[in-house]
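Colleague: Here it is, the structure, as structure tokens.
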Amino acid sequence: MTEPAGRLAAYWERQLDKMDARELRHAKRMPGWRTRRRRRALAAILGLADLGLIAGAAVFTAHGDWLFSVLWVGSVVVGGGTFVLLRILTGRMSGGFSRLLDEREREWRHRVTYVAFQILSYLMIVAMIYGIVVAHTEEGGLRGAMMLSALLVTGTTIPSIVLGWALPDDDPEDFEEGMGHA
């Protein structure tokens, strides 16, 4: 391996080690919330927040509208907070990549990624059709861009929603072991 390639590989190893350490730190957070019932409630709230973004985009006008502002800002705040909670509760499976995943978690991630990609593809087709429909209207470009943004955000939340809805309850013994080492 050449010197620059070796340094780059060492750099990425250090970055992956930092990511692993961060994931391990967050893995045991909020043990009382790690039930299917709680995750499903959060998944439903996130789905409703996504629908609020889509509704806000549908009523958007550049002249300013209180309904758009309430729907958009409310959905971003509620959806953003819920998304962060779901990411913590679903663990490293909904994150980027991890060397810490076992075979079951890796299989879950592959399935969820595939489903999310399919849904995101359909949402982008919906955004394209919406853009074509509103193109001739006043502010059609802005309205199309707002809908595209709302549908793109919705698509990126799909993995967390699916994992939050489908994952079984965490094993309480995992938390008892972690508490002894902390």
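The values are calculated or read from the model by the stated rules, or taken from the named source; none is laboratory data. The shown structure was predicted, so the numbers you read here are calculated from the model rather than taken from an experiment. A quick note on method: Cβ atoms are made from the backbone with ideal geometry, for glycine too, and the neighbour counts reach across all protein chains shown. Calculation scope for accessible area: heavy atoms of the full protein, side chains included, ligands and nucleic acids excluded. Shrake-Rupley method; radii C 1.70, N 1.55, O 1.52, S 1.80 Å.
Colleague: Being within 18 Å of ARG143 (Cβ to Cβ), crowded, with 20+ Cβ neighbours inside 10 Å and touching a residue at least 24 places away in the same chain (Cβ under 8 Å) is the filter here, so list the residues in the stretch 55-93 that pass it.
Modeller: GLY56, ALA57, PHE60, SER75 - these are the residues of the stretch 55-93 that are within 18 Å of ARG143 (Cβ to Cβ), crowded, with 20+ Cβ neighbours inside 10 Å and touching a residue at least 24 places away in the same chain (Cβ under 8 Å).
Colleague: Here is a further query. When you scan the stretch 138-145, do you find a residue that is surrounded by fewer than 21 Cβ atoms within 10 Å (Cβ to Cβ), part of a helix (DSSP H, G or I), of a type outside the set (Asp, Glu) and under 24 Å from the mean Cα position of the chain (by Cα), even just one?
Modeller: Within the stretch 138-145 (the criterion being surrounded by fewer than 21 Cβ atoms within 10 Å (Cβ to Cβ), part of a helix (DSSP H, G or I), of a type outside the set (Asp, Glu) and under 24 Å from the mean Cα position of the chain (by Cα)), the answer is yes, since at least one residue qualifies.
Colleague: If you go through the stretch 105-130 one residue at a time, how many are modelled with pLDDT of 95 or more and either among the charged types (D, E, K, R) or open to solvent by less than 40 Å² (accessible area, probe 1.4 Å) (or both)?
Modeller: Total satisfying the criteria: 2.
Colleague: Would you point out the residue of the stretch 58-89, among those that are outside any helix (DSSP H, G or I) and among the aliphatic types (A, V, I, L, M), that is farthest from ARG36 (Cα to Cα)?
Modeller: For the stretch 58-89, the residue satisfying everything is ALA62.
Colleague: May I pose another question? All but one of (1) charged (D, E, K, R); (2) modelled with pLDDT of 80 or more; (3) part of a helix (DSSP H, G or I) hold for ARG92; which doesn't?
Modeller: (2)
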